[in-house]
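Colleague: Got a structure for you, questions after.
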Amino acid sequence: MSIFGNSIFGNKAAGVGGAGESTAQEGAAQEGTVQKSDAQWREELTPEEYHVLRQAGTERPYTGEYWDTHTEGVYQCRACGAELFTSNEKFDSHCGWPSFWAPLAEGNVRYIHDRTLGMERIEVRCASCDSHLGHVFEGEGYGTPTDQRYCINSVSLRLVAKDAEPEGTPQS
Ligand SMILES: [Zn+2]
């Protein structure tokens, strides 16, 4: 608990008493972030994207778009476009999902204790829109700078290749 500064269950129900439809959703609302109704997400996302991003599903390993991608660029949140990871921190974990040893910046993602499936895991979500991205594992011996593996669903990400980036940062 203490390592997770932001309370998972501290969400206040926003817009209480709003006329018309009041969709009681669990744990979705975070102030100051991208907020959309469940119906909006369903409309904007493909069924697969919706299942992973909004229902914390997991794509099958080795089926995603980016598990074996080495293209240089920035990985954005598929749901809201927030920049989450870059190719600089991507590494070959051979686990079947895109793996990163760090996010683009702390604060771009948030962490939630996940005890489903009888396992103690740390779920990784987009800090902007609260969509599910994947899980982070530690101490697996991959020999990366952090020894962490952000195991992220391809369908949660959208790669913006470096060449296509309008504001490219000069690199070597
Ligand atoms: Zn997002």
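Since every read-out is calculated from the coordinates, none of them should be taken as a lab result. Computed from a prediction, not measured in an experiment: that's the story for all the values here. As a convention, Cβ positions derive from the backbone with ideal geometry for all residues, glycine included, and neighbour counts pool all protein chains shown.
Colleague: Would you mind calculating the relative contact order of segment 58-122 from Cα pairs under 8 angstrom and at least 6 residues apart, reporting the percent as a whole number? Please list the in-between numbers first.
Modeller: Details: 85 pairs, mean separation 17.2, N = 65.
Here the relative contact order equals 26 percent.
Colleague: Restricting attention to segment 47-88, which chymotrypsin sites (Phe, Trp or Tyr not before Pro) occupy a DSSP loop and are surrounded by at most 13 other Cβ atoms within 10 Å?
Modeller: On the way: sites: TYR50, TYR62, TYR66, TRP67, TYR75, PHE85; in loops: TYR62, TYR66, TRP67.
Qualifying residues, ordered by number: TYR62.
Colleague: Pull out the extension gain between ALA161 and ARG60, defined as 0.36 nm times the separation in residues minus the alpha carbon to alpha carbon distance; nm, one decimal. Don't jump to the answer; show the numbers that get you there.
Modeller: Values: separation 101, 0.36 × 101 = 36.36 nm, distance 2.39 nm.
Value of the extension gain: 34.0 nm.
Colleague: Turning to a different aspect of this structure: Rounded, prolate or oblate, given the Cα gyration tensor of segment 47-108, with a/c below 1.5 counting as rounded? Before the final figure, lay out the partial values.
Modeller: Working: a/c = 1.87, a/b = 1.13, b/c = 1.65.
Oblate is the answer for segment 47-108, as a/c is 1.5 or above yet b/c matches or exceeds a/b.
Colleague: I need the GluC sites (Glu not before Pro) found in segment 40-120, filtered to DSSP loop residues with at most 13 other beta carbons within 10 Å of theirs. Display every interim value, and only then the final one.
Modeller: On the way: sites: GLU43, GLU44, GLU48, GLU49, GLU59, GLU65, GLU72, GLU83, GLU89, GLU106, GLU120; in loops: GLU59, GLU65, GLU72, GLU106, GLU120.
For GluC sites (Glu not before Pro) across segment 40-120 that sit outside H, G, I, E and B with at most 13 neighbouring Cβ atoms in 10 Å, the list reads GLU106, GLU120.
Colleague: Sort 99-105, 149-155 by packing, meaning the average of other beta carbons within 10 Å per residue, with the highest value first.
Modeller: Details: 99-105: 20.1, 149-155: 24.4.
Going from most to least packed, we get 149-155, 99-105.
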